[in-house]
Amino acid sequence: MKNNDLLSEGNKVEFERDLNQFIRKLIDWKTDSSLVHRADDLNATISTDALPLGGQSLDDSIEELVGSLDRNINFSSKKFMGFPDCGNSLAGLAGAVAEVFLQQNLINKDICSPMGTEVEADVLNWLRELIGYAVNNKLTDVSQLGGAVTTGGVMSNTYALMAAARKYPDKKIVILPNNIGHYSLSYATEWLNLDVKVVYCKTKQYRLDQVELKRLLHFYGESVLFVGVYACDSMTSTCEDLEGVYHVVKEVENDIWLHADACHGFALSFSDAYRSKVTYLRHYDSCTMDPHKVMWLPYTLSVVLMKNADDFGTLSRTNALIMDDPLSFGKTTPFIGSKPYDSLKLWMVMKTLGVHELEKWLKRESVMLIYSTRF
């Protein structure tokens, strides 16, 4: 093939042959647990290549990439113990491949992604039902879904903080757990620049110290905007006492946004045995989850959901570029213009396995055991 070819009837057979060979090598790498990555590849500097003026053949580019596969971290390797983002679900990988070829832009429903919009709506409603939020099955506006698929946990947590600030514009205090928190909640407050003050509540056995939380709530009074917790935090796998924190907050002040970063722990909702650990998510104003962390999906896929869809609706905007279409996700995803079809990966996994099989998977892979050790 020429290095400047576009896919066409004339080259599709040759491209299919070369692509199949390439995919076989990628599969061999992903299933090889002998090496996580090249040991001598950790350097203090980055050396960049010269600007490629003349270019090279596609075959040469593929060979160069194949020859450097061991410079990538193999998250699927049985020797990799960093975190559970292994990305090796067959259904998820198939969805990721389909996403690339389908090339749908979910910014606009009618002219860019008619089916993709419906798939993403399915995924958002399935996750709402999973954690106990109300579900709307007949939509006239995507804001009625009360949630969005985003680029990652930081973006998801940012949406929650934005909605909280719009609901309570005169409040400025954000309370987060000290020492145990994932960076995404604190980054959301820093980067969004909402003129809020973050107060870190001390923790006890990797959860909020509820006595200290109550003291802070009384001290800051009506200035408290947002209380964020983790279910489960990424360093210790400890799930917050969601019910206890909820009652502490509501006994002091009802008009405080309660947010749960459940990017890891939402998966407990699939389990009859462990669902009770996160049942109180349904009472929180917002919840974030990262299916790519615990559902074997290729990167990236994060979701934010809000109990009250009207709260999520405050993030909506209109623009002639997306034709002011109430069914286009472009109106409900701040900071995201062109929107990838990432939700297809999760749709494929949930459609293929279903909730009951996912529960078996999670048990088999010991995810539930990890989470259950610190309740």
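Checking each residue in the stretch 151-168 for being outside any helix (DSSP H, G or I), more than 20 Å from M235 (Cα to Cα) and at pLDDT below 95 picks out only T151. Within the set Y284, Y246, the sole residue that is at pLDDT 95 or above, among the aromatic types (F, W, Y), farther than 21 Å from E359 by Cα and open to solvent by less than 30 Å² (accessible area, probe 1.4 Å) turns out to be Y284.
A quick yes/no check of all residues on (1) part of a helix (DSSP H, G or I); (2) more than 20 Å from S89 (Cβ to Cβ); (3) in contact with a Cys (Cβ under 7 Å, 6 or more places away or on another chain):
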position: G10; (1), (2), (3): no, yes, no
position: F15; (1), (2), (3): yes, yes, no
position: I27; (1), (2), (3): yes, no, no
position: T45; (1), (2), (3): no, yes, no
position: D70; (1), (2), (3): yes, yes, no
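Restricting attention to the stretch 334-343, does a residue exist that is more than 22 Å from A188 (Cα to Cα) and in contact (Cβ under 8 Å) with a residue 24 or more places away in the chain? Looking through the stretch 334-343, at least one residue is more than 22 Å from A188 (Cα to Cα) and in contact (Cβ under 8 Å) with a residue 24 or more places away in the chain.
Set side by side, the residues Y246, Y200 differ, and just one is among the aromatic types (F, W, Y), free of Cβ contacts under 8 Å to residues at least 60 places away in the same chain and within 20 Å of Y280 (Cα to Cα), which is Y246.
Taking every residue in the stretch 24-40 that is open to solvent by less than 60 Å² (accessible area, probe 1.4 Å) and pairing it with any residue that is aromatic (F, W, Y) and at pLDDT below 85, at least 6 positions away or on another chain, the pairs with Cβ-Cβ distances below 9 Å are K30/F75; S33/F80; V36/F75; V36/F80; H37/F80. The set of residues in the stretch 196-214 that are of a type in the set (A, V, I, L, M, F, W, C) and not in a strand (DSSP E or B) comprises V196, V211, L213. What are the residues in the stretch 100-135 that are open to solvent by 20 Å² or more (accessible area, probe 1.4 Å) and outside any helix (DSSP H, G or I), if any? Listed by number, the residues that qualify are Q103, Q104, N105, I107, G132, A134, V135.
Residue-by-condition table, conditions (1) modelled with pLDDT of 90 or more; (2) in contact with a helix residue (DSSP H, G or I) (Cβ under 6 Å, 6 or more places away or on another chain); (3) open to solvent by less than 50 Å² (accessible area, probe 1.4 Å); (4) not hydrophobic (A, V, I, L, M, F, W, C):
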| position | (1), (2), (3), (4) |
| --- | --- |
| G313 | yes, yes, yes, yes |
| S316 | no, yes, yes, yes |
| A320 | no, no, no, no |
| L344 | yes, yes, yes, no |
| V349 | yes, yes, yes, no |
| E365 | no, no, no, yes |
| M368 | no, yes, yes, no |
| R374 | no, no, no, yes |
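The values are calculated or read from the model by the stated rules, or taken from the named source; none is laboratory data. Treat the numbers as computed from the prediction; the structure is a model and nothing was measured. Cβ: placed from backbone, ideal geometry, glycine included. Neighbour counts: every protein chain shown. The accessibility values were calculated without ligands, DNA or RNA, using every heavy atom of the protein model including side chains. Shrake-Rupley method; radii C 1.70, N 1.55, O 1.52, S 1.80 Å.
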